[in-house]
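Data block below; observations after.
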Amino acid sequence: MDGPHFPAPKARVHFRVARFIMEASVKLGMRSIPIATACTIYRKFFCETSLDACDPYLIAMFSIYLAGKVEEQHLQTRDIINVSNKYFNPSGEPLELDSRFRELRDSIVQCQLLMLRVLRFQVSFQHPHKYLLHYLVSLKNWLNRHSWQRTPVAVTAWALLRDSYHRGLCLRFQDQHIAVAVLYLALQVYGVEVPAEVEAEKPWWQIYTTDTEIP
């Protein structure tokens, strides 16, 4: 699946907003899958809508809220607003429950119907995480213990997967392919070779991308 490519200035905006989604979500205590879903909702919305039509940070805030509902990690609108306010005003005071707060809260609520219509109510996504976990377990058993313990392949692969959501790769490539790509890159970074790859009929990454199906 090949999604649209944003022009450079807009791509930079989306990159910064994705960073906001990730940092705000972490402060809200969200798990990795809900964070990935929030980034995907945001990206998919702007695949259908012009960046000039909506405030991207408002859309990001609702993406966090909606991802919490989809992934059953429900968040309070109040908490999202407070964390977002702290993100943009690190030295500022928490927002008072005044007209400004209520206006922002109402804006987030009003986003709900708009976004669901634009997304055609398709807000549930599969992510590469389960594939990457499966591949890492397989490789850990495949590699010798010394190679695995002396290099942070797993940590690096998870970090690369998280960073891939800055660019919206989840809408352009299959989950298995993203998982294999970040694992392959992590192995390359540390110069770790997969045993018996030379003798195999096809490389390990090709086996994973064609033969793996995880429910």
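How high is the FRET efficiency from Gln174 to Ser107, r the C-beta distance, R0 25 Å, rounded to 0.05?
0.10
If you wrap a convex hull around the alpha carbons of region 83-126, what volume per residue comes out, as a whole number of Å³?
Enclosed volume per residue, from the Cα hull, is 98 Å³.
Which is farthest toward the positive dipole end of region 79-140 among Val137, Ile81, Phe101, measuring Cα position about the Cα centre, with Cβ charges +1 (Lys, Arg) and -1 (Asp, Glu)?
Checked the options; the winner is Val137.
Dipole of region 10-119, Cα-centred, from +1 at each Lys and Arg C-beta and -1 at each Asp and Glu C-beta, to the nearest 20 debye? Kindly include the intermediate steps, with their values, before the conclusion.
Details: 15 positive and 12 negative charges, 72 e Å.
With Lys and Arg at +1 and Asp and Glu at -1, about 340 debye.
With a Förster radius of 45 Å, plug the Cβ-Cβ distance of Arg150 and Cys47 into 1/(1 + (r/R0)^6) and report the FRET value to the nearest 0.05.
The pair Arg150/Cys47 has a calculated efficiency of 0.60.
On full extension of the chain, what length is gained from Gln188 through Lys27, given 0.36 nm per residue of separation minus the C-alpha to C-alpha distance?
Using 0.36 nm per residue and subtracting the Cα-Cα distance, I get 54.8 nm.
Just want the answer: with Cβ charges of +1 for Lys and Arg and -1 for Asp and Glu, which residue in Val26, Trp158, Phe125 is farthest toward the dipole's positive end in the chain?
Val26
Helix 99-118 against the longest principal axis of the chain: what's the angle in degrees, Cα atoms only, rounded to the nearest 10?
Rounded to the nearest ten degrees, it is 50.
Give the average over all directions of the projected area of the C-alpha convex hull of region 10-119, one decimal, in nm². Each step should come with its number before you reach the end.
Numbers: hull surface 26.3 nm².
The number I arrive at for region 10-119 is 6.6 nm².
Looking at the P(r) of region 119-158, how many percent of alpha-carbon pairs lie beyond 16 Å?
In whole percent, the long-distance tail amounts to 47.
Provide the convex hull volume over Cα atoms per residue for the chain, in Å³.
Cα-based convex hull of the chain, divided per residue, equals 148 Å³.
Label points 7 Å out from Cα along the Cβ direction at Leu58 and Arg100: separation in nm?
1.6 nm
Quick check: the distance between the Cα centres of region 72-95 and region 120-168, to the nearest angstrom?
Here the answer is 30 Å between Cα centres.
Relative to the longest principal axis of the chain, what angle (0 to 90°, nearest 10) does the C-alpha long axis of helix 153-164 take?
40 degrees
Which of Cys111, Tyr65, His14 sits farthest toward the positive end of the charge dipole of region 10-119, with +1 on the Cβ of Lys and Arg and -1 on the Cβ of Asp and Glu?
The one lying farthest along the dipole's positive direction is His14.
Mind putting a number on the dipole of the chain about its Cα centre? Charges go on the C-beta only, +1 for Lys and Arg and -1 for Asp and Glu, and I need it in Debye to the nearest 20. It would help to have the intermediate numbers written out before the result.
On the way: 24 positive and 21 negative charges, 65 e Å.
Approximately 320 debye in magnitude.
Report, as a whole number in µm² per second, the diffusion coefficient that Stokes-Einstein gives for region 74-173 at 20 °C and 1.002 mPa s using the Kirkwood radius over alpha carbon pairs.
Diffusion coefficient, whole number: 121 µm²/s.
Each reported figure results from applying straightforward, stated rules to the coordinates on display, with no laboratory input. Keep in mind that this is a model prediction, so the values were computed, not measured. Cβ sites come from the backbone with ideal geometry, for glycine too, and all protein chains shown count toward neighbours.
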